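> To start, I am sharing the structure in question, which I have written as structure tokens.
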Amino acid sequence: METTLAKTPEKRQVVFLAILFLLWEAGSEAIRYSMPEETESGYLVAHLAKDLGFRVGELATRRARIHHRGNKELLQLDVETGNLLLKEKPDREALCGATEPCVLHFQIILENPVQFFQTELQLTDINDHSPEFPDTEMLLKIQESAQPGTVFLLKAAQDPDIGSNAVQNYTVSPNLHFHVVTLSRSDGRKYPELVLDRALDREEQPELTLILTALDGGAPPKSGTTTVRIEVMDINDNAPEFVQALYVVEVPENSPLNALVVTVSARDLDAGIHGNVAYSLFQDRGGSQPFVIDEITGEIRLKGALDFEATSYYNMEIVATDSGGLSGKCTVAIQVLDVNDNAPKLTISSLTSSIPENAPEAVVAVFSVSDPDSGDNGRMVCSIQNELPFLLKPTFENYYTLAAEGPLDRENREEYNITIIVSDLGTPRLTTQHTMTVQVVDINDNAPAFTKTSYTMFVHENNSPALHIGTISATDSDSGSNAHITYSLLPPHDLQLSFASLVSINVDNGQLFALRAMDYEALKAFEFHVGATDGGSPALSSQALVRVVVLDDNDNAPFILYPMQNASAPCTELLPRAAEPGYLVTKVVAVDSDSGQNAWLSFQLLKATEPGLFSVWAHNGEVRTTRLLSERDAPKHRLLLLVKDNGEPPRSASVTLHVLLVDGFSQPYLPLPEVQQVSSQDEDSLTLYLVIALASVSSLFLLSVLLFVGVRLCRRVRAASLGACSVPEGHFPGHLVDVSGMGTLSQSYQYEVCLSGDSGTTDFKFLNHYSQ
């Protein structure tokens, strides 16, 4: 029987041709052992580990075992000592019958790694059976006219032993008429023939009784006996003769019972009762044949089921006997034709239910296939599903390994149902299937992956501590602990910056929390990296960028830069009486630390000594006259201005302005209409006020220059620091400084301070705006 593994377009198949089997047999020698049959169990057959070239204990390490190829499990292997022991007492006749030599084949299989060794055990015959005749008595009818030297056929004794232990000689009890001759058939088996030495006389002795003894060649020899009863008949001088000496017949093994096999025919030239022929089965090789013959017609029919795998050939002798006792014989050779009545058999020797992913060519199973049929009926084709990443590889004889074609990916598929299909090439084809489930074990080969490479989160300033500001998320395509993700804040590259006091992260779900209240004016935005680490070994991780943008709230009221509110003396503006309508008296300068519309400022005149004389521009804070001055106007005016932002709710600040009407800036003494007769002490006071005003203007100019220089320096270092830059100490608090250029004012502003002494307009210009 040979196995062919073929790969068709529909299936991936492994063809194991007979020529490959013969080449393997020619290139590998089997280890052979010999022992007599009937040896007691526990007998030490051989030291197998030494014969295979392994160390003691190596067979256990490599998981060695015996496969008996359908034979009884006669042997057992002690893998610890390497000894091959007899498991039970063997009977050569039961195992091999008449086959000589009696060789039992078995394999030694090592699983780690896979290796095979062919081993043979030859059982030698001992003389444990005595010859046995099929009948206890044989009847011979012999004509009294038989001449000396006439030969009469006798049934041979059966001895299951073989060789010299089989039947070697026949003897007959002492008598005056006959002796026995021992002859050999073509197959070497002995059979007896009775030879007439002296003519018979029915009237003198009508019946004789002889004892036929069969002796084997054992030491000591064993024997068997039967009785030969001879009836002396009247003269019948013609024996039956068959038409053919040999009948050759082919019978399919699936033939039904009582099917006609062949019809034999014999003729007898005698007439009357001496010409009647009766047919019978004379001798069968096995002692029991599945055939029966009609003694009248000579039809041989099937009385039992045929099995090609058990017996493929029958050789029978048919005897035709007439009524006078004369007989003739012929041989019927019956060849049993094999039909495909046996499905292939698949035997799993080693099976692994789970294999790790990424393991190259991992072995899933080791199995063997067999089919007792012959020819194409016994040729087999092994295959699996074509779409699976597995291969069938022939090893030797009918053994195969099922292995992964390459590394597997559990994330792509975590379970495979593999069906091994074994089909023979008979007609019709018979198929055997075996399905196994293989689990792909996960290893940590996938790092966590964030849903985004960067996250942007917004939080309003002045938030409550522990406020949830957002959630980051990562996934891991692995399973189990390899997919358990832990989140963390990664340390910044700049060791001077630490966001541990600003935000925290939930290590289990990636939720981010603000630890303290944010201040937009101090920190408008910041970035940090978060990491996601799985629970595998070794652990894999990935990171993402998180940008937190602080949103501005209207939490700062406008701050008046000019006129300064912390001066010890009130600010007094001088207004010439000759001023035209629209004359710029002064400009209120204010800032708001907030941004956007929270920093949009509007100016409003709330209260004035002389309503209608002054107006304030709502967007730039310029205070201008609305009409010409007259003598009736009061020389001193008090204005209350409101500066309000555009936030929700709006915040505001107020400032008070004092305006003094004068005839010209060159007058050292500016009398008021209602106090023209003031004393020289009042004139000195007015001069002091003017000096103080000029000093204030000079100080304001100096502070503006310093502010401009500070803003420039802060812009240069803004990339290296997110904190507010410091400015020289003065009347302005540090928290009002816009360090990013994106604060209260939408542009960067500077102001110049100067006095214009033009006698024509006598305008007073203060902090006029210009853009860089």
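The values are calculated or read from the model by the stated rules, or taken from the named source; none is laboratory data. The structure presented is a predicted model; accordingly, all values stated were derived computationally and were not measured. Neighbour counts are summed over all protein chains in view; Cβ atoms, including those assigned to glycine, are modelled from backbone coordinates with ideal geometry. SASA here: full protein model, heavy atoms, side chains in, ligands and nucleic acids out. Shrake-Rupley method; radii C 1.70, N 1.55, O 1.52, S 1.80 Å.
> How far apart, in nanometres, would the label points at Thr227 and Leu702 be if each is projected 7 angstrom from Cα along the Cα-to-Cβ direction?
In this crude spin-label approximation the distance works out to 16.0 nm.
> Here's another thing I want to ask about it. Quick one: compute the contact order of segment 382-479, relative version, from alpha carbon pairs under 8 angstrom and 6+ residues apart, as a percent.
Working: 121 pairs, mean separation 21.8, N = 98.
That works out to 22 percent.
> Next up: If amide H atoms are built 1.01 Å from N in the plane of the peptide, which residues on other chains or at least 5 residues away come under 5 Å of the amide H of Leu140?
Sorted by chain and number, the residues that satisfy this are Arg229, Ile230, Glu231.
> Within segment 233-320, what whole-number % of the accessible surface is contributed by carbon and sulfur, with the 1.4 Å probe and all protein chains included in the calculation?
Solvent-exposed carbon and sulfur of segment 233-320 make up 51 percent of the total.
> Efficiency by 1/(1 + (r/R0)^6): what FRET value for Asn315 and Ser173, r their Cβ-Cβ distance, R0 = 22 Å, to the nearest 0.05?
Efficiency at R0 = 22 Å is approximately 0.10.
> From the backbone phi of segment 126-133, what are the Karplus-calculated ³J(HN,Hα) couplings (6.51 cos²θ - 1.76 cosθ + 1.60, θ = phi - 60°) in whole Hz, Gly and Pro given as x?
Couplings: 10, 7, 10, 10, 8, x, 9, 7 Hz.
> Once label points are set 7 Å from the Cα along Cα→Cβ at both His484 and Arg632, what is their separation, rounded to one decimal in nm?
Result for the modelled spin labels: 9.3 nm.
> Between Glu414 and His619, what FRET efficiency comes out of the Förster formula 1/(1 + (r/R0)^6) with R0 = 60 Å and r the beta carbon distance, rounded to 0.05?
So, using R0 = 60 Å, E works out to roughly 0.30.
> By how many nm would the segment from Glu648 to Thr451 grow when fully extended, if each residue of separation counts as 0.36 nm and the alpha-carbon distance is taken off? Walk me through the intermediate numbers first.
On the way: separation 197, 0.36 × 197 = 70.92 nm, distance 3.66 nm.
Taking Glu648 through Thr451 to full extension adds about 67.3 nm, to one decimal.
> Treating each Cα of segment 454-517 as an identical point scatterer and ignoring solvent, apply the Debye formula and state log10 I(q)/I(0) at q = 0.12, 0.17 Å⁻¹.
-0.38, -0.69
> In this model, which of Lys524/Lys607; Lys50/Lys87; Lys452/Lys524; Lys155/Lys345; Lys155/Lys303 are farther than 30 Å apart at the alpha-carbon?
Long pairs (Cα-Cα over 30 Å): Lys524/Lys607; Lys155/Lys345.
> Evaluate E = 1/(1 + (r/R0)^6) for Glu88 and Val195, where r is the Cβ-Cβ distance and R0 equals 60 Å; express this FRET efficiency to the nearest 0.05.
0.80
> Next up: Using modelled backbone amide H atoms (1.01 Å from N, in-plane), which distant-in-sequence or interchain residues come within less than 5 Å of Cys102's amide H?
Residues meeting the amide H criterion: Leu123.
> Give me the extension gain from His68 to Leu551: residue separation times 0.36 nm, minus the current Cα-Cα distance, reported in nm with one decimal.
165.6 nm
> With every protein chain kept in place and ligands, DNA and RNA left out, what is the accessible area per residue of segment 232-374? Probe 1.4 Å, answer in Å².
Roughly 48 Å² per residue, with all protein chains present.
> Quote the charge dipole size of segment 359-431 about the Cα centre in Debye, to the nearest 20; the model charges only the Cβ of Lys and Arg (+1) and of Asp and Glu (-1).
With Lys and Arg at +1 and Asp and Glu at -1, about 100 debye.
> How charged is the neighbourhood of Thr486? Take every other residue with its Cβ under 10 Å from the Cβ of Thr486, and add Lys/Arg as +1 and Asp/Glu as -1.
Result for the neighbourhood of Thr486: -2.
> Could I ask something else about it? Which aspartates and glutamates, if any, have their Cα less than 14 Å from the Cα of Lys636, not counting same-chain residues under 8 positions apart?
Glu573, Glu610, Asp663, Glu674
> What ³J(HN,Hα) values, in whole Hz, does the Karplus curve 6.51 cos²θ - 1.76 cosθ + 1.60 give for segment 416-425 when θ = phi - 60°, with x put for Gly and Pro?
Ordered by residue, 3J(HN,Hα) equals 10, 9, 9, 10, 8, 10, 10, 10, 8, 9 Hz.
> Of Glu204, Glu573, which has the most accessible area and how do the rest follow, probe 1.4 Å?
Descending accessible area places them as Glu204, Glu573.
> Nearest 20 debye, what's the magnitude of the dipole of segment 194-288 about its Cα centre given +1 on Lys and Arg Cβ and -1 on Asp and Glu Cβ?
400 debye
> Here is a follow-up. How do Val151, Val697 rank by accessible surface area computed with a 1.4 Å probe, from largest to smallest?
Val151, Val697
> While we're on this one: Keeping every protein chain in place, order Arg410, Arg716, Arg379 by accessible area at 1.4 Å, biggest value first, i.e. largest first.
Arg716, Arg379, Arg410
> Below 12 angstrom from the Cβ of Ala278, what's the summed charge of the other residues (Lys, Arg +1; Asp, Glu -1)?
Spelling it out: positives minus negatives among the neighbours equals -3.
> Still on this structure, please answer the following. Step through the residues of segment 354-369 one at a time and calculate ³J(HN,Hα) from phi using the Karplus curve (6.51 cos²θ - 1.76 cosθ + 1.60, θ = phi - 60°), rounding each to whole Hz and writing x for Gly and Pro.
8, 9, x, 5, 6, 8, x, 6, 5, 7, 8, 8, 10, 8, 10, 10
> Jot down the radius of gyration and Dmax of segment 376-489, Cα atoms only, both in angstrom.
In order Rg, Dmax, the Cα atoms of segment 376-489 give 25.9, 89 Å.
> Shifting gears a bit: Between His47 and Gln439, 0.36 nm times their residue separation minus their Cα-Cα distance comes to what?
Contour length minus Cα-Cα distance gives 137.2 nm.
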